[in-house]
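Following: one structure in structure tokens, then a few remarks.
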Amino acid sequence: MTETIAEAGPFERLLRLELTEAEIDAAKAGAARRLSKDLKIPGFRPGKAPRPVVEAALGAGRLRTEAIEELIPKKLGSILEEAQLSPAVTPTLEKVDDAEGGVTAEVRVTLWPELDNPPAYKDRTIEIDAPELSEADLEASLQRMREQFASLETVERPAGMGDYVSVDIHATSGDDPVAETTAEEVLYEVGSGLLVEGIDEHLIGTEPEQEISFPGVLPSGFGDRAGESVTFHVKVNEVKARVLPELDDEWVNEVTEFDTIEELKSELTERLTVTKRRAVANRFRQRALDGLVDEAQVDLPEALVRAEMDDLFHRFAHQLEENDITIADYLQASGIDQERFLDDLRSQAGRSIRTRLVLEAVAKAEGLEVTPEELAGTIEALARSSAKPKEVYEAFSNSSRAMSLAGDILRNKALEAIVASARAVDSDGRTIDLGPTESEPMGQGFEEGSVELSEAEAVEAEVVEAEVVEAEIVEAEIVGQES
């Protein structure tokens with residue numbers, strides 16, 4: 001048997017292997033047993049029919065093809081192991097040709113790319129905004145807290161941006177009403193853009209008892225009719241203005257754990273300062289990494305990019321499914337066509353791979369490693385933070401999962417080395433002291449980009465302990481809580 005390995009690109013190999021008729025014939029027995037499990041052959045239980053019977057039922061050509069397809073991965077595995085090649089994605093069978101005494105097969109193997117040297121990552125300067133808390137930051141935080149506890153007051157004037165209107169709404173297509181579009185006494189914030197696309201511009205200036213009609217399209221959620229052109233009909237019942245509470249000691253004492261406005265401001269200032277510094281430090285970290293990724297020059301194998309695209313797509317689709325949204329709904333609501341969506345997906349996939357390559361190159365240059373103790377400690381920390389610690393331990397008992405986690409830890413170490421060697425400066429080139437910039441533990445996918453922290457909303461969520469009494473007052477602007 002002759003085997004050859006040829007370069008088909010910087011990180012691709014074309015493997016040519018030969019299978020003898022004797023090997024193929026021997027593999028037919030296993031193929032027959034596997035195929036017979038799905039065959040209904042009179043007189044034989046599933047999986048028990050002998051090879052000649054299976055061959056007669058399926059045909060000699062079909063059994064031979066199945067035997068070849070079963071034999072190739074086994075032969076390929078031993079060749080790759082001997083050559084010390086580790087495919088980055090599932091190898092692709094390019095072709096199978098008949099040859100004297102057997103067949104020849106060509107298999108394309110994509111290897112994980114490597115950077116010979118990482119971009120220059122030492123002693124870089126990263127421009128970033130200074131993390132000092134301004135008076136405006138504090139006032140904006142207090143304003144959001146007041147808005148959270150605002151009340152609504154009916155007014156006899158035209159509706160404006162930020163007002164709430166009580167409306168009855170329905171849609172028609174021609175002269176026919178559109179099912180499930182009728183709703184009464186809907187309380188809607190003018191300018192929020194959450195009800196029907198284009199409704200805000202028509203509501204501004206309307207008065208109680210006024211009726212308006214305007215053309216539009218049915219939003220996602222209407223199945224096959226989503227995007228259909230219709231006419232919306234809206235009756236304004238009431239106009240309500242938002243009334244903010246007085247920012248005084250009495251209100252602070254009522255809705256928070258503090259007695260006075262000064263105590264609240266002091267606590268907010270302290271927490272906002274910590275949170276803003278952390279947010280700026282995170283942006284510094286991300287910019288330090290982004291700069292290196294932008295400079296990384298490497299030709300990525302198409303098979304690897306496509307595999308990463310598939311992974312990103314499936315994760316994104318799963319997130320949409322959790323909210324009962326289809327990909328088609330998303331594309332229509334976002335106004336993105338399929339071609340642009342795929343281009344964006346390809347760009348994200350390429351950047352994700354280059355990010356990993358940069359971090360692994362830095363880890364190699366720094367001589368970084370992950371010890372068994374570090375891996376065990378990370379698994380233990382993940383288990384402690386999980387509601388089902390036993391399942392976490394069981395998941396990482398799988399060697400491939402443990403190796404994947406070890407890779408995440410190693411890349412996180414590399415990021416720490418990049419950050420430790422970089423210097424944060426303001427627009428005038430003056431060094432900014434960000435203090436400790438240790439990252440949170442990172443797991444699968446961390447290299448795809450970190451989410452910048454909110455600099456105010458999370459703090460308010462910790463400070464305010466009372467609940468909003470009237471559910472219809474306003475939607476809270478606090479979108480997350482810093483743990």
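The values are calculated or read from the model by the stated rules, or taken from the named source; none is laboratory data. Values in this document were obtained by computation on a predicted structure and should not be read as measured data. Backbone-built Cβ (ideal geometry, glycine too); neighbour counts: all protein chains shown. Ligands, DNA and RNA are stripped out before the accessible areas are found, and what is left, the full protein with its side chains, is counted by its heavy atoms. Shrake-Rupley method; radii C 1.70, N 1.55, O 1.52, S 1.80 Å.
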Which of V274, V186 is most accessible, then next, and so on - probe 1.4 Å: V274, V186
Karplus-derived 3J(HN,Hα), 6.51/-1.76/1.60, for each residue of region 196-201, Hz, glycine and proline x: 9, 4, x, 6, 4, 4
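Given an 8 Å cut-off on Cα distances and at least 6 residues of separation, report the relative contact order of the chain as a percent.
On the way: 692 pairs, mean separation 84.4, N = 483.
Relative contact order for the chain comes out at 17 percent.
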Full-extension gain in nm, E254 to A26, via 0.36 nm per residue minus C-alpha separation: 73.8 nm
3J(HN,Hα) from dihedral phi, region 226-241, Karplus parametrisation 6.51/-1.76/1.60, rounded to Hz, x for glycine, proline: 4, x, 6, 6, 9, 10, 9, 10, 10, 10, 8, 8, 9, 10, 10, 9
Solvent-accessible area per residue, Å², over the chain with all protein chains present [probe radius 1.4 Å]: 57
Label-point separation, D176 to L244 (7 Å along Cα→Cβ), nm: 4.9
H318/D224 FRET efficiency (R0 22 Å; Cβ-Cβ; nearest 0.05): 0.40
Dipole magnitude of region 118-232 about its Cα centre (Cβ charges: Lys, Arg +1; Asp, Glu -1), debye to nearest 20: 540
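Please compare each pair in K122/K276; K37/K74; K28/K95 to a cut-off of 23 Å on the Cα-Cα distance and tell me which ones are over it. Please list the in-between numbers first.
On the way: K122/K276 26 Å; K37/K74 21 Å; K28/K95 20 Å.
As for pairs spanning more than 23 Å Cα to Cα, those are K122/K276.
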Largest-first principal axis extents, alpha carbons of the chain, Å: 94, 68, 42
Amide H contacts of A424 (H built 1.01 Å from N, under 5 Å, at least 5 apart or other chain): I126, I432
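Under the rule a/c < 1.5 gives rounded, and otherwise a/b versus b/c splits prolate from oblate, where does region 80-130 land using the Cα gyration tensor?
Values: a/c = 5.79, a/b = 3.74, b/c = 1.55.
It is prolate, given that a/c is not under 1.5 and a/b is the larger ratio.
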Whichever lysines have a C-alpha closer than 17 Å to that of K40, once near sequence neighbours (fewer than 8 apart) are set aside: K48
Cross-link reach list, aspartates and glutamates versus K75, counting only Cα pairs under 13 Å and skipping chain neighbours closer than eight places: E3, E18, E23, E106
The chain - charge dipole about Cα centre, Lys and Arg +1 at Cβ, Asp and Glu -1, debye rounded to 20: 3800
Chain lengthening between E135 and A296 when straightened (0.36 nm per residue, less Cα-Cα): 53.9 nm
Potential extension, E197-T4 segment - 0.36 nm per residue separation minus Cα distance: 63.3 nm
Placed amide H near V230: partners under 5 Å, 5+ positions off or other chain: G216, V217, L218
